[in-house]
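Reading through the structure tokens given below for one structure.
The values are calculated or read from the model by the stated rules, or taken from the named source; none is laboratory data. Owing to the predicted nature of the structure, the values given are computational and were not obtained by experimental measurement. Because the Cβ atoms are built from the backbone with ideal geometry, glycine has one as well, and the counts that use them run over all protein chains shown. All accessible areas refer to the heavy atoms of the entire protein, side chains included, with ligands and DNA or RNA removed. Shrake-Rupley method; radii C 1.70, N 1.55, O 1.52, S 1.80 Å.
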Amino acid sequence: LQLDPDHLLVRLRVADMLLEDKQAPEALPHLERLYRQAPDKPEVLLRLGVCRFMQGRTEEARRLMEGAESRLPNDPVLLVHLAKLDLQDGR
């Protein structure tokens, strides 16, 4: 990232690693930058949604993840987090 701060795949992977370690606050600046860079990329929407879920911002998390759902219909991370949201909402 020092050599190419706009390298989408590398920044996405850094955010992934931080989310896997449950470090949502550290992942957020990377995800916000990615969202500004590629707001329609489903992988970005998904990860930002997961981050928002971890922060307890469930409405925003659902909106972001549902925005990715049509282009990532079989993504296990997406499906698990949408199911968690449904359980929280009593669905």
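The ellipsoid that matches the Cα gyration tensor of the stretch 1-76 has semi-axes, each √(5λ) in whole angstrom, of 19, 15, 11, with the longest given first. Relative to the Cα centre, the charge distribution of the stretch 11-60, modelled as +1 at Lys and Arg Cβ and -1 at Asp and Glu Cβ, gives a dipole magnitude of about 140 debye. Sorting Arg63, Arg13, Arg91, Arg47 by solvent-accessible area of protein heavy atoms yields Arg91, Arg63, Arg13, Arg47, largest first, with a 1.4 Å probe.
Assign unit charges at the C-beta atoms only (+1 for Lys and Arg, -1 for Asp and Glu), then state the dipole size of the chain relative to its Cα centre in Debye, rounded to the nearest 20.
Values: 14 positive and 16 negative charges, 22 e Å.
Around 100 debye, computed over the chain.
Assuming 0.36 nm per residue, please report the length gained on full extension of the stretch Leu87 to Glu60 beyond their Cα-Cα distance. Write out the running numbers ahead of the final one.
Working: separation 27, 0.36 × 27 = 9.72 nm, distance 1.61 nm.
Gain on extension, Leu87 to Glu60, equals 8.1 nm.
Relative contact order of the chain, taken over Cα pairs closer than 8 Å and 6 or more residues apart, is 20 percent.
Quick check: at a probe of 1.4 Å, how many percent of the accessible area of the stretch 1-65 sits on carbon and sulfur atoms? Spell out each step's value before the answer.
Details: 1910 of 3710 Å².
That fraction is 51 percent.
Starting from 0.36 nm per residue, how many nanometres of slack lie between Val10 and Lys41 once their C-alpha separation is accounted for? Walk me through the intermediate numbers first.
Working: separation 31, 0.36 × 31 = 11.16 nm, distance 1.46 nm.
Once the chain is fully extended between Val10 and Lys41, it gains 9.7 nm.
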